[in-house]
Amino acid sequence: MKNIAIFASGTGSNARAIAQYFDGSENVEVALVVSNVATAKVLDMNAEMGIATYVIPSKEAYLQGDDLLDVLDFYEIDLIVLAGFLWLIPPYLVAKYKIVNIHPALLPSYGGKGMYGMRVHQAVIDNKETQSGITIHWVNEEYDKGAIIHQATVAVEPTDTAATLAQKIHTLEHLHYPQQLEKLLLG
Ligand code: GRF
């Protein structure tokens, strides 16, 4: 069994799509959800699906790392999956774990610090791009700079707004992210 830990700061629609995809799998399990936000909706996955959750108590604790490393050890995590996790990944995690992220645009464009959520989609609309998409990539110590694993595109229509584009991108993410994780874990 390969164990995934999903790190998320918000709603967790990708986290849920991943957990549902692997629900009942004999090979892959979402063993843990980690959040830095105690009120994040993603933590409801504990009540909804019985998945263990861990809230990082503070930025200091996160940067220092011992408790988080103990928790990841306890659940025998093989892969860390970022799904809307807004803190930079510290060196001790990059050194110890394989970590994957999904970005809601076609990197290397529209990435980097501060480029998340609706800001990304608004920038794509403002620049009158005719296509956008998703990027699944390895995580290193810089925002959105790790090697690209997979990209998928979607057309941006002249009538699209940041909100409609966000919906299209979410649909694409939910389709591609679980499948790509399965490939990475099982080959
Ligand atoms: C996704 O759009 C993902 O690309 C980005 O953060 C968003 C998280 O959305 N990294 P959700 O919480 O999974 O709905």
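A short reminder: the numbers here are calculations on the coordinates, not readings from a lab. The shown structure was predicted, so the numbers you read here are calculated from the model rather than taken from an experiment. Counting neighbours? That spans all protein chains shown, and the Cβs are built from the backbone with ideal geometry, glycine included.
One table, with the values for the structure above:
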quantity	calculated
Residues with amide H under 5 Å from that of VAL28, placed H, sequence gap 5 or more	LYS2
DSSP H segments from the chain that extend 18 Å or more along their own axis, Cα-based, with Kyte-Doolittle mean of -0.5 or above	162-186
Relative counts (whole %) of C-alpha pair distances in segment 58-97, using bins that are 10 Å wide	26, 64, 10
THR53 long-range amide H proximity, modeled H, under 5 Å	VAL33
Local net charge near TYR21, Cβ-Cβ under 13 Å (Lys/Arg +1, Asp/Glu -1)	-2
Considering only segment 22-161, percent of DSSP beta bridges that pair antiparallel, nearest 5	60 percent
The chain, helix-only ellipticity at 222 nm - DSSP H runs n ≥ 4, -39,500 (n - 2.57), divided by all residues, nearest 500	-11000 deg cm²/dmol
Amide hydrogen neighbours beyond the local backbone of LEU106, cut-off 5 Å, H modeled	GLY133
Around LEU68: net Lys/Arg minus Asp/Glu count, Cβ-Cβ under 13 Å	-3
Span from the segment 41-118 Cα centroid across to the segment 7-26 one, whole angstrom	13 Å
Projected-area average for segment 101-181 over all orientations - Cα convex hull basis, square nanometres	4.7 nm²
Whole-percent pair-distance distribution, where bins are 5 Å wide, for the alpha carbons of segment 30-121	2, 12, 21, 24, 20, 13, 7, 1
Distance histogram in 5 Å bins (all Cα pairs of segment 148-187, percent per bin)	5, 21, 26, 18, 13, 9, 5, 3, 0
Measure of compaction for the chain (Cα Rg per 2.2 N^0.38 Å)	1.00
Radius of gyration, Dmax [segment 1-81; alpha carbons; angstrom]	12.1, 37
